[in-house]
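Worksheet: one structure, shown below.
The values are calculated or read from the model by the stated rules, or taken from the named source; none is laboratory data. Values in this document were obtained by computation on a predicted structure and should not be read as measured data. Cβ placement follows ideal geometry from the backbone for every residue including glycine, while neighbour counts extend to all protein chains displayed. What goes into the accessible areas is simple: the full protein's heavy atoms, side chains included, and nothing from ligands, DNA or RNA. Shrake-Rupley method; radii C 1.70, N 1.55, O 1.52, S 1.80 Å.
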Amino acid sequence: MAGPVDPLAEVVTLLRPEAPFSKVVSGIGRWNVRRAEFGQPFYCAIVEGSSRLAVDGQESLLLREGDFVLIPAARGFTMSSLEPTTAEDVDTPPVVSPHGEARLGGADGPPDVRFLVGHCIFGSPDAALLVSLLPQLVLVRGEPRLATLVKLVGDECRASRPAREVVLARLLEVLLIEALRSTAGTAASPGLLRGLADARLALAIRRMHEIPAAPWTVAQLAREAALSRSAFFERFRRALGVAPMEYLLAWRMALAKNMLCREDVGIAEVAARVGYSSASTFSVAFTRHVGLPPARYAREHAAA
């Protein structure tokens, strides 16, 4: 018998992460690097020393050895030395050493900080929806498991081993799950993680993921959470940022898109798997939600 469904793992798996970029960077003295990699998930692990990270719309962070930062949908951000910078230090160009490490600030002497930075790509056609279910910023401190995973990602990025892309995809899935679950119980921004941190809401969320085809109503989900209908609705909306039926519809459509792209199944079977009594009712709902009929969507997004 299959084990319990993990909604967070499902979301990360559907995101289909890939790792086109990762590098080791060190800094000494004054330096400042500004990036505007809009929409690209950004991560940084501090291997030694300390640095500052300022993400647009977020409080500036002091990063120390062992810290890990994940921004699922990065806006502009700036990394800089602890030493105050001047106008001349803005966007300091790095110097790449023979062994591939990028050096910021001064060229000589032991570094004040060394870190691994990178961005990944989410291959899911529904990436925007899935990322919206995650916190805007994740900061994890003192987690050796994460440091080990990041080192493995970095090693794999710099190597030319067989099945490199497959290994990277799996490592990134584990890295994202580990980073996100390490923040459980914290004051995350509204989204799936905050909902799963609420023991009552987690019961209902897991049921939606276990049986997405069930004819769920708000009242039935409230019973799963052992809450009144009104209390469940308001608590769910506050925690996840959307109403229960809106979340269920978005999740069903994310599953449907994934099946249409990657599985050799007919539209009627997809409809049944996501809770529609017929292909026609599913097609109407899918077209309204996505903007394309399912058959056309499947043709345009067929897996290579």
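Below is a table of values for the structure above.
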| item | result |
| --- | --- |
| Qualifying strands (runs of 3 or more DSSP E) (wholly inside region 1-113; at least 2 residues being at pLDDT 75 or above, at negative phi and of a type in the set (A, V, I, L, M, F, W, C)) | 17-28, 42-55, 61-64, 68-71, 77-80, 102-105 |
| Selection from region 114-124 of residues that are part of a loop (DSSP other than H, G, I, E, B) and open to solvent by 30 Å² or more (accessible area, probe 1.4 Å) | Gly123 |
| Residue count for region 197-211, restricted to those that are under 22 Å from the mean Cα position of the chain (by Cα) and either among the acidic types (Asp, Glu) or not in a helix (DSSP H, G or I) (or both) | 2 |
| Residue within region 212-229 that is part of a loop (DSSP other than H, G, I, E, B) and within 22 Å of the chain's Cα centre (by Cα) present | yes |
| In region 131-170, the residues that are in contact with a Ser or Thr (Cβ under 6 Å, 6 or more places away or on another chain) and either over 19 Å from Ser182 (Cα atoms) or in a loop (DSSP other than H, G, I, E, B) (or both) | Pro135, Gln136, Glu143, Gly154, Cys157 |
| Residue in region 152-177 that is nearest to Gly118 (Cα to Cα), counting only those that are among the charged types (D, E, K, R) and at pLDDT 80 or above | Arg170 |
| Residue tally, condition modelled with pLDDT under 80, open to solvent by 30 Å² or more (accessible area, probe 1.4 Å) and out of contact with any Asp or Glu (no Cβ under 8 Å at 6 or more places or on another chain), over region 178-201 | 7 |
